[in-house]
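First comes the structure, then the notes that go with it.
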Amino acid sequence: MYADYEYYTTEYKGTLPEEEAVKALKQASRHIDTLTYNRIVGAEFERLTAFQQDIIKETACMMADFEHNNSSMINSLINSYGINGANISFSGECANCQIVNGIVVQKDVYAYLSQTGLTCLSLGV
């Protein structure tokens, strides 16, 4: 995990109960690995700059909260549905979200993570 429960509650000021927060932080960390093409694992977190580490920790917390609070929407299998003129669809993307490597992530959170330089596909894997 890139952020532990202590960081989540004291630095980030997260409010999820411990069990839910730890589960969400683990999932968010796995998603960050996907978004960064496992570069953090390859480089070792401790060897990253303090700037990169801070962004990754905060991003893990932001993603944990977002994914926990929106899990039903993110995991929805609905792509399109209509009845009596009312329509619903879900493609995984919205005004503030996008799908990157199969991960639904808020655009501003992805842009923040991108400041680490670890999300750039042209760097190679």
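The values are calculated or read from the model by the stated rules, or taken from the named source; none is laboratory data. All values reported here derive from a predicted model rather than from experimental measurement. Please note: Cβ atoms are built from the backbone with ideal geometry, for glycine as well, and neighbour counts cover all protein chains shown. Ligands, DNA and RNA are stripped out before the accessible areas are found, and what is left, the full protein with its side chains, is counted by its heavy atoms. Shrake-Rupley method; radii C 1.70, N 1.55, O 1.52, S 1.80 Å.
Among residues belonging to region 9-46 that are under 21 Å from Asn101 (Cα atoms) and of a type in the set (S, T, N, Q), point out the one that is most open to solvent (accessible area, probe 1.4 Å).
The extreme case among them is Asn38.
Tell me yes or no: at least one residue of region 30-44 is acidic (Asp, Glu) and touching a Lys or Arg at 6+ places or on another chain (Cβ under 8 Å).
The answer is no; no qualifying residue exists.
Give region 1-34 a look and list any residue that's assigned to a loop (DSSP other than H, G, I, E, B) and basic (Lys, Arg), or say none. Break it down into steps so the answer makes sense when it comes.
Within region 1-34, the subset assigned to a loop (DSSP other than H, G, I, E, B) is 1-4, 11-17.
Lys13, the sole residue that qualifies.
Can you pull out the residues in region 87-119 that are closer than 20 Å to His68 by Cβ, part of a helix (DSSP H, G or I) and either of a type outside the set (Ser, Thr, Tyr) or modelled with pLDDT under 95 (or both)?
Those that are closer than 20 Å to His68 by Cβ, part of a helix (DSSP H, G or I) and either of a type outside the set (Ser, Thr, Tyr) or modelled with pLDDT under 95 (or both): Lys107, Asp108, Val109, Leu113.
Can you tell me how many residues in region 47-86 are among the aromatic types (Phe, Trp, Tyr) and either open to solvent by less than 30 Å² (accessible area, probe 1.4 Å) or modelled with pLDDT under 90 (or both)? Steps first, please.
First, pick out the residues of region 47-86 that are among the aromatic types (Phe, Trp, Tyr): 51, 66, 81.
Next, only the ones that are either open to solvent by less than 30 Å² (accessible area, probe 1.4 Å) or modelled with pLDDT under 90 (or both) stay: 66, 81.
Within region 47-86, residues that are among the aromatic types (Phe, Trp, Tyr) and either open to solvent by less than 30 Å² (accessible area, probe 1.4 Å) or modelled with pLDDT under 90 (or both) number 2.
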